Amino acid sequence: MQSQHRTTADVTTADVVVVGAGVIGAAIAWRCAQRRIAVVTVDPDPTRGAWHTAAGMLAPVTELQYTETPLLHLNLDSLRRWPAFAAELAAELGADERAVGLRRTGTVLVAWDAADLAALRDLHAFGQRFDIASILIGGRDLRGLEPALAAGLPGGLHAPDDHQVDPRLLRDALARAGRRRGVRHVTAEVTRVRTTGDRVEGVDLADGTTLAAPVVVLAAGAWSGTLAGPPPGAVPAVRPVKGQTLRLRLPGTPVLNHVVRGRVKGNPIYLVPRADGRIVVGASTEEAGFDRSARAGAVYELLRDAQSLLPELGEAELAEISTGLRPGSPDNAPLVGASGALGGLVVATGHYRNGVLLTPVTADGVAALLADGALPDVLHPFAPDRFERIPA
Ligand code: GLY
């Protein structure tokens, strides 16, 4: 690769164009730049990405179904990468892991009733098969870990290694580290992927300019399926799945020590305490196309269920309502790797509910593919053309 950007009046030339500068795109750009690949990221508004709404829980088990074993292995692989990934990113910025968003709080899964407690016992047994640390606790221990929770909860499961990352700090850190390594960013809408024969040759932008490169990485989250240019089948369907989160602020000392997750009368809810004292409450799951408006019913349900677990929240300031679009693939598992249908097109999208958790393995994997020609084995089940290969 040429390892330098070149710019004329209308054309910027690089080794790789990354479409999408959210946490996935920014992490890929940073990892590639570390390997002396000349990268340009392009995005009309990175803050519209799912990362800006996300709570950033590193939850390898609790965001999937028990049967999703390849995805579980990928989640666990990426969870293991997180400490070194954060440390390396922090070191490049002369900061510590908290400054790039990693917060080692662990997670407490709260049972609302006896049925929930039985489900948490099953989850505990499942996690033990994969050496996932978790401890079943009764009501008294639950109150010891989280004294502010509602009285009378029967117990839960303590997952001491399921930490959290503030995606806003993370995205900012990745963009800064990328810039230091020479990543260039262009704020613009991509109108089409340019192709010649069966290969990409860059992207055209709405302002009439072109980013020319032999490799285009598609990391545009929920918008990844909307790009013109690639032939049919080159980019698998990605659908937007709306999620709403709230940011609440309580005066005084922090009331939660851990990420708290639970079900209130069957409705899933999470409360994620940030270092700045805010609590992120989430999240709705809505199939509503590209609509990003805040829905009153979702806000009501989140506040109702969060307050049932943590009564003090009734006094909190409602600091922010945020709505984002998760990128969902046909099987809700990520799409990472070379497109089988268009040379030079690399796909890194479809992370659905696990974008922050899967950022290290995705960025490391794509950088390895571009620099060394191969993805790590753990990513092989997530090839973007896997749906075309299923026999009829
Ligand atoms: N990972 C949490 C969510 O998607 O709501």
Region 169-319: Cα Rg divided by the 2.2 N^0.38 Å rule of thumb: 1.41
Nearest-ten-degree value, helix 69-93 long axis tilted from longest Cα axis of the chain: 80
DSSP beta bridge pairing in the chain, given as percent antiparallel to the nearest 5: 70
Counted charge near residue 84, where neighbours are those whose Cβ lies closer than 13 Å (Asp, Glu -1; Lys, Arg +1): -2
Separation in nanometres of the label points that stand 7 Å from Cα toward Cβ, at residue 104 and residue 331: 3.5
Counting all C-alpha pairs of region 231-360, share separated by more than 26 Å (%): 34
Nearest 10 degrees, 0 to 90: helix 114-128 Cα axis against the chain principal axis: 50
Residue-span extension gain [residue 249 to residue 301] - 0.36 nm each, minus C-alpha spacing: 16.9 nm
Size of the chain as Cα extents on the principal axes (Å, biggest first): 66, 48, 39
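What is the sum of charges around residue 325, taking Lys and Arg as +1, Asp and Glu as -1, for the other residues whose C-beta is under 15 Å from the C-beta of residue 325?
+2
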Note, ³J(HN,Hα) from phi for region 326-333, Karplus 6.51, -1.76, 1.60, rounded to Hz, x at Gly and Pro: 6, x, x, 8, x, 10, 6, 10
Cut-off 16 Å, label 7 Å out along Cα→Cβ of residue 319, residues of region 228-251 by amide N: 245-251
Only Lys, Arg (+1) and Asp, Glu (-1) charged, at Cβ; the chain dipole about Cα centre in debye: 400
Full-stretch length increase - residue 198, residue 292 - with 0.36 nm per residue and alpha-carbon distance subtracted: 30.3 nm
Charge tally in the Cβ shell below 13 Å around residue 148, where Lys, Arg are +1 and Asp, Glu are -1, residue 148 excluded: -2
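Report the calculated FRET efficiency for residue 115 and residue 93 (r = Cβ-Cβ distance, R0 = 35 Å), to the nearest 0.05. Each step should come with its number before you reach the end.
Details: r = 46 Å, r/R0 = 1.32.
FRET efficiency, residue 115 to residue 93: 0.15.
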Likely footprinting exposure, 226, 362, 253, fewest C-beta neighbours within 10 Å first: 253, 226, 362
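Only helical DSSP H runs with n ≥ 4 go in: add -39500 (n - 2.57) per run for the chain, normalise by residue count and round the 222 nm mean residue ellipticity to 500 deg cm²/dmol.
Values: 7 runs with 101 residues, N = 392.
Taken over the chain, the calculation gives -8500 deg cm²/dmol.
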Kirkwood estimate for region 28-126, i.e. one over the average of 1/r between Cα atoms, Å: 16.7
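A short reminder: the numbers here are calculations on the coordinates, not readings from a lab. Keep in mind that this is a model prediction, so the values were computed, not measured. For neighbour counting, all protein chains shown are included, and Cβ atoms are generated from backbone atoms with ideal geometry for every residue, glycine included.
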